[in-house]
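Heads up: the structure comes next, in C-alpha cells.
The values are calculated or read from the model by the stated rules, or taken from the named source; none is laboratory data. Predicted model, so just to flag it, every value in this text is computed and none were measured. Positions of Cβ are generated from backbone atoms using ideal geometry, with glycine treated the same way; all protein chains shown enter the neighbour counts.
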Amino acid sequence: MPRIYEFDGWSIYMYFKDHPPPHIHLIKNEQEIVYTIDGEYLHGKTRDLDIDKLMIILNRNNAILKYNWKQMQGKGKYVKLR
C-alpha cells in the first residue's frame, strides 16, 4: 500500500488490487477516511480533514489517480501525486 501524497498530517494511500470503485485511503494517526478518486465520500470520520484542500488535490491529480488505479490492479507501478 504505497503512500502517494501527504498534506496537513494526512497520508493518501492506494492499495494494490483493491475493490471498486476507484478510491483512496486517507490516514492520520488512528483515523481512516475513504473517498473515491472523483471526490465522493465513502466512509470514515472527517473531523479535522480540510475537504476543500482534498478536492483541489483530487481534481489536480485526477488523471494520475486514474492511471494509478489501473496500474495497481495489475503490475503495481504507480506515480506519486503533485
Check segment 14-22 and report whether any residue there is surrounded by 12 or more Cβ atoms within 10 Å (Cβ to Cβ), among the aromatic types (Phe, Trp, Tyr) and within 8 Å of the chain's Cα centre (by Cα). no
Residue in segment 24-35 that is at pLDDT 95 or above, in contact with a strand residue (DSSP E or B) (Cβ under 8 Å, 6 or more places away or on another chain) and loosely packed, with under 13 Cβ neighbours inside 10 Å present: no
Does at least one position in segment 38-53 carry a residue that is within 15 Å of residue 80 (Cα to Cα) and not hydroxyl-bearing (Ser, Thr, Tyr)? no
Considering only segment 29-54, how many residues are of a type outside the set (D, E, K, R), in a helix (DSSP H, G or I) and more than 11 Å from the chain's Cα centre (by Cα)? 1
What pairs come up if the first residue lies in segment 54-82 and is over 13 Å from residue 13 (Cα atoms), the second is among the charged types (D, E, K, R) and outside any loop (DSSP other than H, G, I, E, B), and their beta carbons are under 8 Å apart, counting only those six or more places apart or on different chains? 82/60
Could you look through segment 1-56, keep only residues that are of a type in the set (A, V, I, L, M) and touching a helix residue (DSSP H, G or I) at 6+ places or on another chain (Cβ under 8 Å), and pick out the one that is farthest from residue 69 (Cα to Cα)? 26
